[in-house]
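Presented below is the structure to which this report refers.
The values are calculated or read from the model by the stated rules, or taken from the named source; none is laboratory data. Here the structure is a predicted model, which is why all the values come from computation and not from measurement. Here the Cβ is made from the backbone with ideal geometry for all residues, glycine too, and neighbour counts use every protein chain on show.
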Amino acid sequence: MTEVSGAWLENPRTQSVLSMLTEAGYQAFVVGGAVRDALLDIAVSDVDIATDALPETVIALAQEAGLKAIPTGIDHGTITVVCGDNGYQITTFRKDIETDGRHAVVTFSRTLAEDALRRDFTINALYATAGGHVVDPLGGLPDIAARRVRFIGLPEDRIREDSLRILRFFRFHACFSDPLEGIDATALAACAELADQLETLSKERIGVEMRKLLGAPDPAPSAASMSTAGILMRLLPGASTAGLAPLVHYERAIGLAPDWMRRLAVIGGQNMMENLRLSRSENRQVRLYLTGTASSRSIAELAFRHDAKTAQTVELLRAVSFGRDLTPDLIKTTLRAEAMIFPVRAGDLVGLSGAAIGTRLHELQTQWIASDFQLSKLDLLK
């Protein structure tokens, strides 16, 4: 018998929401990501609950318990119940009766088994009771043990139900799979065969998935598989994954946290802002990484003018792009430069006005940076 435990489950608020359902005679299980992550020793963030109680019943039970019930997705059977500072999405067991690759028409079910069959991957079709007992109707536990991402049933069927599952497959592989075991060949073939269905997805949904994939600890194997299957070029024409594995290696070597924008900069691709729906600030940051990589500015200057993280990223991108060695003490150097305060102010430049002040300040800053921030105010104003 497999059990899960942790503060996320033992939380009195979680227990009270579960008991709200079970004490009224209904089934209640924590489902999906919380159970999966607990089994993989990953911190649990959100707790979702599956039940055989109908949405109207969930609302009534919540009101009787003095809890706030929000019909966030009532057409699909989902009610958000707020208990203290925690929000719990409670969804009635359901099964799909019609799908078109983007939307599904569902009907409510009374059985956990039918609810499990409409999910995407076996590792997401795991349920846990309030006491932590894991219910595994579709063989998700062996896949968790092997760190294997496997579609429920035929991959083609699951993908035709929801085109986004193509991208979720690669993202889940990046986050949860054993890199030594490789990718599920059958699923990969189905993703390649049905890649045309990506055209039905909004760029917003694609962008969300790509952010999560590139933010995984090591997205390189998954991204390479996406490229081989012809999927990456559909999302980002001209992108290349060749530099992604070396970049991840350098990140780990100097202790940098994963940064999806850094990874996006190294794979490149046309029309990133449009194709992934980047915000203006995200687009500006990725472009800063790229222009900094191509510039001759020193790492210290980049850290001073922007920030240490930008300078560190540019250094890694230069190492990947041009085969350079990393600057010794990169972290220390960039943090020091970021903290420096230029000693000269506009008011110090007597006799200058307008644009001439800005030009002179930039010249003096350049001299000061070139001196490794050693020149004093007096030295600069001589």
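Numbers for the structure displayed
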{"read-out": "Selection count, segment 2-25, where residues are assigned to a loop (DSSP other than H, G, I, E, B) and of a type outside the set (S, T, N, Q)", "value": "5"}
{"read-out": "Segment 58-69, residues that are over 34 Å from the mean Cα position of the chain (by Cα) and in a helix (DSSP H, G or I)", "value": "A60, L61, Q63, E64"}
{"read-out": "A116 closer than 30 Å to M20 by Cα, assigned by TED's automatic domain parsing to the domain that holds L9, at pLDDT 95 or above and in a helix (DSSP H, G or I)", "value": "yes"}
{"read-out": "Residues located in segment 243-283, provided they are in a loop (DSSP other than H, G, I, E, B), farther than 18 Å from I206 by Cα and more than 18 Å from the chain's Cα centre (by Cα)", "value": "G243, G255"}
{"read-out": "Matching residues in segment 11-44 - criterion: being on the phi < 0 side of the Ramachandran plot, free of Cβ contacts under 8 Å to residues at least 12 places away in the same chain and not charged (D, E, K, R)", "value": "P12, I42, A43"}
{"read-out": "Extreme residue, modelled with the lowest pLDDT, among residues of segment 333-382 that are basic (K, R) and surrounded by fewer than 11 Cβ atoms within 10 Å (Cβ to Cβ)", "value": "K382"}
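So that you can scan it fast, the table gives a plain yes or no per residue for (1) buried (at least 19 other Cβ atoms within 10 Å of the Cβ); (2) of a type outside the set (F, W, Y); (3) in a loop (DSSP other than H, G, I, E, B):
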{"position": "V134", "(1), (2), (3)": "yes, yes, no"}
{"position": "A145", "(1), (2), (3)": "no, yes, no"}
{"position": "R148", "(1), (2), (3)": "yes, yes, yes"}
{"position": "F170", "(1), (2), (3)": "yes, no, no"}
{"position": "H173", "(1), (2), (3)": "yes, yes, no"}
